[in-house]
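I have placed the structure first, in the form of C-alpha cells, so that the comments after it can refer back to it.
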Amino acid sequence: MEGDRVKPLHIRAANFRTFEALDLDLPEGCTAIVGPNGAGKSSLVMLPDLCLFGAESRSLAPYLSDDAIGDLMIELTFEHDGKVYRVRRGFTATARGKATCDFEREDPDLPGIPGRGVHTKEPRKWEPLTRETIKETDALICQTIGMTRDTYRASAYLAQGDGSFADPAWDPKRRKELLFTSLGLDAVWTPLLDKARADKRECEAQRQELSGRVGTLEETLAGKQSAEQRAVDAGVIDGNAVLAVEIAERNVAAAQAKVTEAEKDESRRREYAARLKSAEQAAQRFDEIESAAATAAETLKTCEPQVAALEPTAALKAPLETEIRELEIEQGQLAESLRLAETAVRERDERLKKIEQRNAEIVSLTAKAGAAERAAAAVASGEIKTCRECKQPLRDPAAIEESRQSHLAEAAEAMAKAEALTAENSTDLVDATDAMIDHRLESLRTKTQALTADIADKRESLRKAQAAEVDLVSLRARADRLRESIDAAKAQGHAEAKQAAEVELAAARDAVAGVGEAVDLEALKRAADSAGYSLNVAQTTARDAHTEVVKAEAELERIAKAEAQLAASANDREALDAEHDLLCQLERAYGRDGIPALIVENAAIPAIEDEANRILAELHTDYSVELRTQRELKSGDGLADTLDVIILTDIGERPYESFSGGERSRINVALRIALARLLAHRRGAESRALLLDEIEYLDDEGLAALAEILRGLQGEFDLILIVSHAAGLRDAFDQVIEITKDGNSSEVVE
C-alpha cells in the first residue's frame, strides 16, 4: 500500500514496565534518550512498535508493572498520510486477563480547537475505527499504515540486539519478501499481475469454449453426407405414405356407408316390434281399466280424511316463520350487547394488570432512588472513591460533588417516575372498580340462553308444520290423480277401447311383416373399425415421414450454418492464441521474477549497498557489504535465487558471525539506515521516523561517528530517536530525553 510512513507524535502509558504514568510529546529532529541501565529507555522506543502491532507473544501480561495497582494501558498518537491516528491497548490482570485494542482517527469535521499544532495537548475529536475483534483491528492498522512488523522494524525501528536484515538467521526469502513489501512493489505490480492472470484465465476459458464449439461444428459437418441421404429416403417414404392414406380413406368411407344403412334397418325393426308389443298390451288392458277405476275410488276415500287432518298443522307454518325471524333479530341485539359487555370486562382486567405492573415498577424505582441517595451519601463521606462513569479516582472536591449530584439526580428522577406511575394507577383504579359490569354480563348471558332455547322450540314446531305441508301437498296431488283416473275410465267406453286396440294390433303386425331379414350389424362394424385402424396407421406413417423430411431439411440447414461458423472460428482461434501468448509474457513480466525483480536487483540493491558502505566508511570500518541475489547450487548444476548479505574485507569474504559485537552493530546500523533512506525516497514519504535502541558494543569513536551520521539525516527524517546509556550522547544532540529511576519506578525528566 502506497502512502506516508508512520511518524510518532505522542506516547502515553500507565503501569507499563517501570513507568507508573507516562505522557510524552516526541520532539522533531534528532533526540537522544539517556539514563541509567534499567531506567526504561528501551521501553520508550519499543512503545510505538508495541502499540502498532501488539505483543509478539500475543499477550501484554509481561509488560504490566510488577507492583501495579491498576491495569496496563499504552497509547500512541501518530501522523500518517496527512491524518492523525491513535492506537490504545490495554490489559487487565484480573481472572484470566483481558486485552483491549482501540483504533481512532482524528475527525476534522467534528468541533475542536482551531489552529492546533501537531504536538498540541488540546483535546482532539476522534472517529472510532475499532473492529469487533483485536485481530480484525490489528489487520486494519497494518492496512492503514501500509506496513507489517517486519517492514517497520526493517526501516524505522532497530531493537536492541536485533541484527534483522544482516543476521544469517533470517531466511533469504523473508529478506527478499521484506524488500518487495517495503518498497511497495506489491502494491504496484500485484494488481497488474492479478489483472494479467485474470485476463489470461478469461482468454483460456474463451479458447476452451472455442475449442468445444469447433469440435461440435466439426462433428456436425461429419454428418453431412448421412443427412443428405436421410433427406432423400424420407422424401420417398413420404410420397408412398400419402398414396396409402388416400386408399385407406376410400375403404373407410365404403365400410361406414354399409354400417349406416344396416343401422337404419335395425332401428325400424326395433320400432315396429315395440309398436306391436304395445298394441298387444293395449288389447288386453281394457278389462284392467275398470278394475283400476274401482281401486282408485276406494283409495280416494282414504285420502280425503288424511288431507283434512293435516290442514290445521300446515296452516301454522307462516306464523311460526314470522315469530322466529323476530326472535332472531332480538338474539342478534343481545349478542351485540353481550360482546360490548365482555369487551368492557376485558378492558377492566387489562387496567388491573397494568396497575399491578406499575406497583412493581414503583417498588423498583423507590428502591433505586434509595440506593442512589445512599450512594450520594457514600460519595460525600468518602466511602466511594471512584467515578462510576469514567472509573477514575475521585480526588478533587469538584469531582466528588459532581458525582454526588449525579447520584442525587438519579434518585430524583426515579422518585419522579414513581410518582407519575402512582398518579396513573389512581386514574385507572377508578375505571377498574365498576362492579355493575359483571352483573350486566351475567344478565345478558342468562337472557341469551333463554332466547336460544325458545328459538330452538319454535324451529322444531316449524319443522313439523313444514313436514305437514309437504305431506298435505303430496296427498292432494294423489287425490287429484285418482279423480282424473276415475274420470278417464268413465269417459272411455268398453267397446270403443276394444275396437281401437284391435285396429292398432293389425296395423303393427303389417308393419313388422314389411321389414326385410336382419343382417350381421356387428360384423359390418368390425369391418369399418378395421378400415379406420388401417387409415390411422397410414396417417401416422405419413406424419412420421413428413417429420423426417422436415428434420432432414433442418439438419442440412444447420450443417450449412456450421460450415460458415467453422470458418469464422478459425480466425477467432488465431486471435486468441496471439492474445494468450501476450498475456503469458505479461504474467512473467509482472511476477516476482520479472520487472519487480529487476527493480530490486538493478536499483534497490545497488542503492542499499552504496549507502550502507558509505555509512560503514563514516563509522571507520575497513570492510563493506554486498547483497547477492543468486548463489550456486550445492550440486553445481546452476544458480538459485536468494538474497544473501556478504561481508567483504581486504582478505576476502567473511561470515557475519565471525565479526565482533561492535563490528556487527556497525553492519546492522549501516544496513538499517540505508534501507530506511531508500524507502523514504522510493515511496515519497513526507513524514519519516527512525528509532534506534541501544547500539551495543560501540566505542566512543563509533558513538561519535554514529551521532554525526544521525545529525546528517535530520533533513530526511522528521523524528530520530536513539537510546544509549553512554554519557557522550547527552552532548552530541541538541535534544535529550532523560529518564530517571527511583526504586522500581521510572519517569521522564521534563
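If you rank 214, 87 by fewest surrounding Cβ atoms within 10 Å, what's the result? Mind dumping the intermediate values first?
Details: 214 16, 87 26.
Result, fewest neighbours first: 214, 87.
Enumerate the amide H contacts of residue 21 below 5 Å, restricted to partners 5 or more residues apart or on another chain; note that Pro and chain-start residues carry no placed amide H.
Long-range HN contacts for residue 21: 15.
So how far, in whole Å, is the C-alpha centre of region 395-467 from the one of region 191-236?
Each part reduced to its Cα centre gives a spacing of 80 Å.
For the chain, take the longest principal axis of its alpha carbons; what is the angle in degrees between that and the long axis of helix 224-315, to the nearest 10 within 0 to 90?
Result, in degrees: 50.
Would you mind counting up the charge near residue 172? Only other residues with Cβ under 10 Å from its Cβ, with Lys and Arg at +1 and Asp and Glu at -1.
Around residue 172, the surrounding residues sum to +2.
When only alpha-carbon atoms count, how far does the chain stretch along each of its three principal axes, as whole angstroms with the largest first?
Here the Cα extents, ordered largest to smallest, are 168, 103, 45 Å.
Which shape class applies to region 702-742: rounded if a/c is under 1.5, otherwise prolate when a/b exceeds b/c and oblate if not, where a ≥ b ≥ c are the square roots of the Cα gyration tensor eigenvalues?
Details: a/c = 2.62, a/b = 1.53, b/c = 1.71.
Cα axes put region 702-742 in the oblate bin.
Taking the beta-carbon count within 10 Å as an exposure proxy, list 317, 98 from fewest neighbours to most.
98, 317
For helix 317-381, what angle does its Cα long axis make with the longest principal axis of the chain, in degrees from 0 to 90 and rounded to 10?
Roughly 10 degrees, rounded to the nearest 10.
For the chain, what relative contact order do you get, as a whole percent, if you take Cα pairs closer than 8 Å and at least 6 residues apart?
Working: 933 pairs, mean separation 206.7, N = 750.
Reported relative contact order: 28 percent.
Count charges around residue 308 for me, please; just the other residues with Cβ under 13 Å from its Cβ, Lys/Arg as +1, Asp/Glu as -1. Don't jump to the answer; show the numbers that get you there.
Values: positive: 301, 476; negative: 304, 311, 471.
Local charge sum for residue 308: -1.
Run through the DSSP bridge list for the chain and note the antiparallel percent, rounded to the nearest 5. Can you show the working numbers first?
Values: 51 of 67 bridges.
DSSP beta bridges in the chain are roughly 75 percent antiparallel.
Listing 748, 34, 6, 345 from the residue with the fewest other Cβ atoms within 10 Å to the one with the most, what is the order?
Working: 748 19, 34 22, 6 28, 345 14.
If I rank by nearby Cβ atoms, fewest first, I get 345, 748, 34, 6.
Between 0 and 90 degrees, rounded to the nearest ten: what's the tilt of helix 436-491 against the longest Cα principal axis of the chain?
30 degrees
Excluding residue 535 itself, what net charge comes from residues whose Cβ is under 11 Å from its Cβ, given Lys and Arg +1 and Asp and Glu -1?
On the way: positive: 250; negative: 246, 249, 529.
Result for the local shell: -2.
Where a number appears in this text, it was derived from the coordinates with a stated rule and is not lab data. All values reported here derive from a predicted model rather than from experimental measurement. Note that we place each Cβ from the backbone using ideal geometry, even for glycine, and neighbour counts take in every protein chain shown.
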